[in-house]
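The structure under discussion appears below in the form of structure tokens.
The values are calculated or read from the model by the stated rules, or taken from the named source; none is laboratory data. Just so you know, these numbers come straight off a predicted model, no measurement behind them. All Cβ positions, even for glycine, are placed from backbone atoms using ideal geometry, and neighbour counts span all protein chains on display. All accessible areas refer to the heavy atoms of the entire protein, side chains included, with ligands and DNA or RNA removed. Shrake-Rupley method; radii C 1.70, N 1.55, O 1.52, S 1.80 Å.
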Amino acid sequence: AYFVPSKIKTIIDGVVSKYPIDPERIIITGFSLGGINTYKMLKTYPGFFAGAIPVAGDSTYDDSLLKTNIWTFHGSRDGTYAIDKALMDKVIKGNPNSRFTSYDKGHNITDLVYKDQNVINWILNAHR
């Protein structure tokens, strides 16, 4: 199935309108292809999300990425997607609240990321 950012945004908007969700605190995250699609959502809806956590994905640079605090995670031995350190250097230079963490692991680093109390705290403290 082809990823269509507007369909995801429609779902988010529907959930926010139906449930007591603070629209200033919406976080987006994804692993692998989901990490790539996380970047696509940030580029399509700059500034909409309170934060983003792309995990083991890749992207190309765009100034719209500077409008959201991003904490990117990648495995240094990832054979699926290469780390684009230059991309993250540009993002961090343009938005010092963004971060990059690399693990000495392969592609599947989800347990390291999503079980990390620092990541959980970062999510809980994120605001637009």
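Observations
- The range 103-116 - phi-based ³J(HN,Hα) in whole Hz, Karplus 6.51/-1.76/1.60, Gly and Pro as x: 10, 7, 9, x, 6, 7, 10, 4, 4, 5, 6, 6, 9, 7
- In this structure, the amide hydrogen of residue 103, modeled 1.01 Å from its nitrogen in the peptide plane, lies closer than 5 angstrom to those of 74, 75, 76, counting only residues at least 5 positions away or on a different chain.
- Taking 0.36 nm per residue of sequence separation and removing the Cα-Cα distance, the residue 85/residue 17 pair yields an extension gain of 20.7 nm.
- Extension gain from residue 25 to residue 60, taking 0.36 nm per residue of separation minus the Cα-Cα distance: 10.1 nm
- Bins of 10 Å, starting at 0 and running to the largest distance - Cα pair percent for the range 33-100: 24, 61, 15, 0
- A 1.4 Å probe run over the chain, with the rest of the protein chains in place, finds 56 Å² accessible per residue.
- Here the accessible area of the chain is 54 percent carbon and sulfur, with a 1.4 angstrom probe and all protein chains present.
- Among 117-126, 55-64, 16-25, 99-108, the order from most to least packed when residues are scored by Cβ within 10 Å on average: 55-64, 99-108, 117-126, 16-25
- Bins of 10 Å, starting at 0 and running to the largest distance - Cα pair percent for the chain: 13, 45, 35, 7, 0
- Here the 3J(HN,Hα) profile of the range 26-33, calculated from phi with Karplus coefficients 6.51, -1.76 and 1.60 at θ = phi - 60°, is 7, 10, 10, 8, x, 10, 6, 4 Hz, Gly and Pro shown as x.
- With the charge dipole of the chain set up from +1 on Lys and Arg Cβ and -1 on Asp and Glu Cβ about the Cα centre, the Cα lying farthest toward the positive end among the listed residues 27, 16, 86 is that of 16.
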